[in-house]
Amino acid sequence: MTPRRMTPFTLAAAGCAAAFWLWATNAPAQDYPSRPIRLIVPFGAGGGSDYVGRLVGVKLTEQMGQQVVVDNRPGAASLVGTEIAMRAAPDGYTLLLADSGFTINIAYYRKAKYDALKDFDPITVVGEAPYLLAVNPGLPYAGSLKDYIAAAKAQPGKINLGSAGNGSGTHFSGELFKLRAGVTITHVPYKSAGASVADVVGGQIQSTMTSPPPALALAKAGRLRVLAQATAKRTALLSDIPTFDEGGVPGVYVTNWYSVMSVGGTPKPVLKRLHDELMRAIEAPDTRQRLAAGALEPAPTTPEAFRRKIEGELKRWAAVVRDAGIQQE
């Protein structure tokens, strides 16, 4: 087939099309953001996700000149809020504060409607921290993890263990602990880690798995006792809390990560702007101080590295569900 000869008119038209494409590609970044941004936190107030979400919201508001509104949408271990975000327009005006439950839910819930790799564009991890086992300090077995385990073995099913909800990282870290320790403890799901911690302090339940932010101030005040952290060795920010290994339960390693994602299909220039602003926010000294106050280590990533992390987590939790015989919902 003979190639069509480019006339001056077609050359001009092609040039206009190329110019328009270049303008359309860059325009979103030039104008973005031109109105408030909604940051969906798929948990209730008071938990680790809410803590990080509000920190991110304040910093992005300061830096970008538009209000970033934190929108708490708890329910079904973050499924409710996550699926609200999934259905939003892919324009950068709806973001999701996702934690490790984002990948766990895919393995645990048959009803999960989102595809972790297609429905969202990962931007960066903000910070991460190990999960903690905390108890009411007035209990006779609150002295150590070994005392707690002995009590659980002496009265199977009588001790309650709270979490931020079925399928959450706190739920799965608790299931891993029970599996490794060989104990029968009754799981009690809440809508946030903050709510479960509050009920431990109030005496409604005896213990909970939690992220650090809702627990540390209460522990410092003597209203909560943290027995163990789910890491291979003590973290620098939690150097006074023993690991599960030290308490005689090896292999309980579950680190929670808090991240920001956009809706899948968000224009690349907008994603780049968001990533640049988040990197700037995470590097700010006041952000690092507030992360440290919640025992969170800054953990910024490139979008590509974050996507690889998600892929690895999806495989990991699918294997845990299979190997531990966890019944899916």
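The values are calculated or read from the model by the stated rules, or taken from the named source; none is laboratory data. Treat the numbers as computed from the prediction; the structure is a model and nothing was measured. Note that each Cβ is placed from the backbone with ideal geometry, even for glycine, and that neighbours are counted across all protein chains shown. Calculation scope for accessible area: heavy atoms of the full protein, side chains included, ligands and nucleic acids excluded. Shrake-Rupley method; radii C 1.70, N 1.55, O 1.52, S 1.80 Å.
With the structure loaded, tell me whether Leu179 is modelled with pLDDT under 95 and among the aliphatic types (A, V, I, L, M) or whether it fails that test. Give the steps one after another, and end with the answer.
On the way: modelled with pLDDT under 95: yes; among the aliphatic types (A, V, I, L, M): yes.
Taking the combined requirement at face value, the residue satisfies it.
I need a count of the residues in the range 228-239 that are part of a loop (DSSP other than H, G, I, E, B) and open to solvent by 20 Å² or more (accessible area, probe 1.4 Å).
Kept after step one, since they are part of a loop (DSSP other than H, G, I, E, B), are these residues of the range 228-239: 230-235, 239.
From what's left, open to solvent by 20 Å² or more (accessible area, probe 1.4 Å): 232-235, 239.
Summing the residues that are part of a loop (DSSP other than H, G, I, E, B) and open to solvent by 20 Å² or more (accessible area, probe 1.4 Å) in the range 228-239 gives 5.
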query: Where residues in the range 242-265 are in a loop (DSSP other than H, G, I, E, B) and open to solvent by less than 10 Å² (accessible area, probe 1.4 Å), which of them is nearest to Arg87 (Cα to Cα)?
result: Val254
query: Out of the range 91-115, which residues are within 18 Å of Arg73 (Cβ to Cβ) and in contact with a Pro (Cβ under 9 Å, 6 or more places away or on another chain)?
result: Tyr93, Leu96, Leu97, Ala98, Asp99, Gly101, Phe102
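Report yes if Ala129 is of a type outside the set (Asp, Glu), in a loop (DSSP other than H, G, I, E, B) and open to solvent by less than 10 Å² (accessible area, probe 1.4 Å), otherwise no.
Details: of a type outside the set (Asp, Glu): yes; in a loop (DSSP other than H, G, I, E, B): no; open to solvent by less than 10 Å² (accessible area, probe 1.4 Å): yes.
So Ala129 fails the test.
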- request: Hey, can you tell me all the residues within the range 34-69 that are assigned to a strand (DSSP E or B), buried (at least 18 other Cβ atoms within 10 Å of the Cβ) and β-branched (Val, Ile, Thr)?
  value: Ile37, Ile40, Val41, Val68
- request: Confirm whether Asp121 is surrounded by fewer than 19 Cβ atoms within 10 Å (Cβ to Cβ), closer than 27 Å to Pro303 by Cα and modelled with pLDDT of 95 or more.
  value: no
- line: Note: among Lys118, Lys113, Lys158, Lys153, just one is basic (Lys, Arg) and part of a helix (DSSP H, G or I), namely Lys153
statement: If you go through Ala142, Ala154, the only one that is touching a Lys or Arg at 6+ places or on another chain (Cβ under 9 Å) and hydrophobic (A, V, I, L, M, F, W, C) is Ala142
- prompt: Can you name every residue in the range 70-92 that is open to solvent by 10 Å² or more (accessible area, probe 1.4 Å) and either over 25 Å from Tyr131 (Cα atoms) or part of a helix (DSSP H, G or I) (or both)?
  reply: Ala76, Val80, Glu83, Ile84, Met86, Arg87, Ala88, Ala89, Pro90, Asp91
message: Suppose we filter Gly264, Gly294 for residues that are modelled with pLDDT under 95 and within 24 Å of Arg54 (Cα to Cα); which single one remains?
response: Gly294
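Check Thr124, Thr103 and return the single one that is under 21 Å from Arg307 (Cβ atoms), assigned to a helix (DSSP H, G or I) and in contact with a helix residue (DSSP H, G or I) (Cβ under 6 Å, 6 or more places away or on another chain). Even if it seems obvious, please write down each step before you answer.
On the way: Thr124 fails: assigned to a helix (DSSP H, G or I).
Within the list Thr124, Thr103, the selection yields Thr103.
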